[in-house]
C-alpha cells in the first residue's frame with residue numbers, strides 16, 4: 001500500500017510496510033537518543049525515601065540515594081516547609097551520594113510528610129515519605145499533605161510498621177590506594193560477608209568516583225557476585241584519577257570503603273613535551289557546530305603550554321582532522337563546519353616549546369543534529385493503522401509568511417562568540433521556515449546580517465568572530481519562500497567576556513599530619529580566581545629541588561590528602577590554581593613536615609573502681625586508656641550523676657593528673673554513677689562507660705593497712721639465715 005501526500009517533509013509507515021523515509025527518521029531518532037543519552041546529567045534518585053511508623057521517644061532515619069552531574073544539592077522539607085539544619089533535633093548527613101535525615105528522639109509533632117529535593121543546573125527531582133509517630137497510648141497524630149494551596153487531605157494511618165531484616169556487611173578484603181601510569185590496567189577488588197546471608201536479600205555493589213556513580217563502559221568494567229565485587233580500569237587515564245568508593249547497599253543501610261587512584265603521565269612523544277589534556281566535554285551540539293572544552297595538564301617539570309590543537313574524527317573511520325590551523329590559548333573551542341547527521345569524536349593535544357603532547361582520551365561520540373528537529377515532528381492518523389510523521393508546520397494550509405520570533409536571549413557568552421536562543425512563532429503554512437540573525441555593535445548604528453550564506457532552521461545559533469569585551473545587540477527574523485517576518489525585539493546589550501588572565505597564586509599552604517604515609521594539605525584560595533577550574537599540588541623532599549605532581553587531574557577544593565609518602569621523610573608543598581587560560585604562579589612553599597601518624601584523642605578510660613567511702617565522699621580509681629593516640633594522657637576529667645537522673649555534671653574544673661581522686665560533697669545514702677575522660681595534646685578523648693552504681697554509705701569494716709615493701713636484698717638475707 002502506497003500513500004502520496006503533497007507535503008515537503010513526511011515519513012509514512014504502516015504495520016506491514018516500512019518506507020525509506022520512515023526508516024530514516026526512525027534511525028535518526030534512535031541515533032539522537034544514543035548520542036545524547038551519555039550527556040544527561042540531571043539528578044536521579046536511585047533509592048527513594050520510605051515511610052516509617054515509630055513510637056514516640058524512639059529514633060527514625062530517612063535515607064535516599066541520588067546521582068547526577070554536577071553533584072546535586074539535596075534540601076529537606078517537613079510538610080512543605082524547609083527544615084532548619086541548625087536545629088539539634090535533626091541530623092542531616094551526605095555520604096558519597098547517600099543523604100540521610102535522622103530524628104534521634106521522635107515526638108508526636110514529628111508526624112508529617114518529609115520531602116527530599118535534589119537539584120543541579122540540569123533539573124530537579126523529589127521523593128517523599130510519611131513518618132507517623134505513635135504515642136504510648138497507641139494513637140497516632142493525623143497530619144495534612146499539601147497537594148494544592150487550597151486543598152488539604154486528611155490522612156489517618158492504619159497500616160502497621162513494616163520491618164526489614166537488618167543485614168550487616170563486614171569487609172574481609174579491601175583495596176588500597178593505587179599509583180599507576182597512563183595505559184596501565186588497574187583492578188580494585190573487595191570481598192565481604194553479609195549477616196544474615198540471605199539469598200533473596202543480597203547487598204547491591206555500587207561504585208563511585210568522586211561522588212559520581214560508575215557503570216559499565218569502554219573505560220570501566222564492573223563484575224559482582226555473591227560476596228565479592230571487582231572494578232577494572234583497562235586503560236588507565238588521568239580522567240580516571242580520583243577517590244574510588246565501594247558502597248554495599250542493603251535495606252538497612254550501607255557499608256563503604258574508599259581509596260585513592262592516581263594516574264601519572266606516560267612517556268611523552270618528545271622529551272620535554274607536556275602531558276595530555278583531560279576531561280573533554282562537548283557543549284551546545286547543533287546541526288553544523290559543537291563547542292569543545294577541556295582541562296589543562298600540570299606542567300611541574302615541563303615548559304609552559306603555548307596552546308592546543310583540537311582534532312575531530314567521524315565515527316566509523318580513523319581519519320583524524322585538525323580543526324584549528326594555529327594553536328588556541330584557551331581551553332574552549334567552537335568547531336564549525338560539521339555535516340548534519342554525522343557523528344564525531346573529538347580529542348585535544350597540548351603544545352609547548354619542546355613539542356606536542358599525546359592526544360587526550362577521545363570524547364564520547366556526538367551527532368551534529370538540530371536539537372529542536374524532533375520536537376517539531378509529530379504523527380497523525382490517516383485511518384486504520386497508517387501513521388504519517390511530519391513537521392508541525394506541514395499540517396496547516398495556505399501560503400503564509402511566518403510569525404515573528406520572540407524571547408531572544410544569549411544562552412552562553414564567551415570571549416569571541418555568543419549562543420543565541422529564541423522562541424519560534426506558531427508554525428504557519430506548509431513551506432519550511434528558516435531564520436536570519438542580525439547584529440549591531442553599540443558604537444555602530446547599522447544592523448548586519450550574520451548568516452548570509454547558511455540558512456538556520458533551529459531556534460538556536462552561535463554567532464562567532466565577535467570582538468572580546470565588546471557589547472552587541474541581536475535580533476532575529478523568520479522567513480520562508482513567501483517572505484520574511486518582522487524583526488524580533490532586540491536583545492539587551494550582550495557583552496562578550498574579556499580575557500582577564502590566569503588566576504592569582506593561591507595563599508598560604510599548610511601541611512598537617514594524616515597517617516604514616518599521607519599528609520593533609522590546605523591553602524588559601526586565590527584573591528583573583530578568574531573562573532577557577534581547580535588546583536594542582538606539587539611535592540618535594542626537603543633539601544631537594546626535584547618537584548613532582550601530587551595530583552594529575554585538577555582538584556576542585558582547597559584541601560587535598562597527598563598519599564603514597566615515605567614514613568619518616570620530610571616534605572614541602574606548593575599549589576597552583578588553574579582556569580581555561582592556564583596555570584597561575586606557584587604559591588609559596590609550605591613549611592617542611594615529616595610524615596608520621598597524626599595525633600588522635602585517647603580512647604576511653606575503663607574499670608572505674610570505688611576504693612573508699614565515708615558517707616560524704618568517695619575515692620575513685622580507674623585504668624589508663626588502652627590507646628593514647630600518639631601522645632601521653634596527662635589529664636583526666638570526671639562527671640557524675642545521681643542514679644535515675646539523666647543530667648551529668650562536671651566534678652573537677654582543673655584537670656586531674658593522677659588516676660586517683662576523692663569526690664566530695666556527696667549526699668549520704670544516695671546512689672551515684674561516674675564517667676571519666678582522658679586528655680592529651682590532641683584533645684579530650686571519649687568518655688568511659690558509666691561506672692557501677694555506688695552507694696554513698698560509710699564503710700564500717702576496717703580499711704586495709706599499708707603493704708610493706710620487701711626488697712630482693714632482704715629476701716636473700718632471710719634465705720641465708722634459714723640455711
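In this structure, does residue 479 turn out to be more than 20 Å from residue 334 (Cα to Cα), in contact with a strand residue (DSSP E or B) (Cβ under 7 Å, 6 or more places away or on another chain) and not in a strand (DSSP E or B)?
On the way: more than 20 Å from residue 334 (Cα to Cα): yes; in contact with a strand residue (DSSP E or B) (Cβ under 7 Å, 6 or more places away or on another chain): yes; not in a strand (DSSP E or B): no.
Criteria not met by residue 479.
Test residue 303 against the criterion of being outside any strand (DSSP E or B) and touching a helix residue (DSSP H, G or I) at 6+ places or on another chain (Cβ under 9 Å), and give yes or no. Before you say what the answer is, go through the steps one by one.
Working: outside any strand (DSSP E or B): yes; touching a helix residue (DSSP H, G or I) at 6+ places or on another chain (Cβ under 9 Å): no.
Judged against the criteria, residue 303 is not a match.
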### Task
Quickly run through region 267-295 and pick out the residues that are closer than 19 Å to residue 367 by Cα and outside any strand (DSSP E or B).
284, 285, 286, 287, 288, 289
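When you scan region 282-290, do you find a residue that is in contact (Cβ under 8 Å) with a residue 40 or more places away in the chain and within 15 Å of residue 349 (Cα to Cα), even just one? If you could, list the steps in order and put the result at the bottom.
Filtering region 282-290 for residues in contact (Cβ under 8 Å) with a residue 40 or more places away in the chain gives 282-290.
This time we only want the ones that are within 15 Å of residue 349 (Cα to Cα), so: none.
Checked region 282-290: no residue is in contact (Cβ under 8 Å) with a residue 40 or more places away in the chain and within 15 Å of residue 349 (Cα to Cα).
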### Task
Please find, among 473, 444, 519, 499, the residue that is surrounded by fewer than 19 Cβ atoms within 10 Å (Cβ to Cβ) and part of a strand (DSSP E or B).
473
### Message
Go through (1) modelled with pLDDT of 85 or more; (2) assigned to a loop (DSSP other than H, G, I, E, B); (3) under 43 Å from the mean Cα position of the chain (by Cα) for residue 403 and report which single condition fails.
### Response
(3)
### Message
Could you go through region 553-561 and let me know if any residue there is part of a loop (DSSP other than H, G, I, E, B), more than 16 Å from residue 512 (Cβ to Cβ) and free of Cβ contacts under 8 Å to residues at least 60 places away in the same chain.
### Response
yes
### Query
Quick one: would you say residue 489 is loosely packed, with under 15 Cβ neighbours inside 10 Å, in a loop (DSSP other than H, G, I, E, B) and at pLDDT 90 or above?
yes
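Is it true that residue 546 is closer than 28 Å to residue 600 by Cβ and either loosely packed, with under 15 Cβ neighbours inside 10 Å or touching a helix residue (DSSP H, G or I) at 6+ places or on another chain (Cβ under 9 Å) (or both)?
Details: closer than 28 Å to residue 600 by Cβ: no; either loosely packed, with under 15 Cβ neighbours inside 10 Å or touching a helix residue (DSSP H, G or I) at 6+ places or on another chain (Cβ under 9 Å) (or both): yes.
Judged against the criteria, residue 546 is not a match.
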### Query
Looking at (1) surrounded by fewer than 16 Cβ atoms within 10 Å (Cβ to Cβ); (2) modelled with pLDDT under 85; (3) closer than 30 Å to residue 248 by Cα, which is the one condition that is false for residue 97?
(1)
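Restricting to region 196-211, name every residue that is on the phi < 0 side of the Ramachandran plot and surrounded by fewer than 16 Cβ atoms within 10 Å (Cβ to Cβ).
First pass over region 196-211, keeping only residues on the phi < 0 side of the Ramachandran plot: 196-209.
Hits for region 196-211 are 196, 197, 198, 199, 200, 201, 204.
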### Query
Quick one: residue 88 ticks every box in (1) under 30 Å from residue 344 (Cα atoms); (2) exposed (fewer than 13 other Cβ atoms within 10 Å of the Cβ); (3) at pLDDT 50 or above bar one, so which box is it?
(1)
### The one condition in (1) surrounded by 12 or more Cβ atoms within 10 Å (Cβ to Cβ); (2) assigned to a loop (DSSP other than H, G, I, E, B); (3) modelled with pLDDT of 90 or more that residue 661 fails to fulfil
(2)
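The values are calculated or read from the model by the stated rules, or taken from the named source; none is laboratory data. All of these numbers come straight from a predicted model, not from anything done at the bench. Here Cβ is always computed from backbone atoms with ideal geometry, including for glycine, and neighbour counts include all displayed protein chains.
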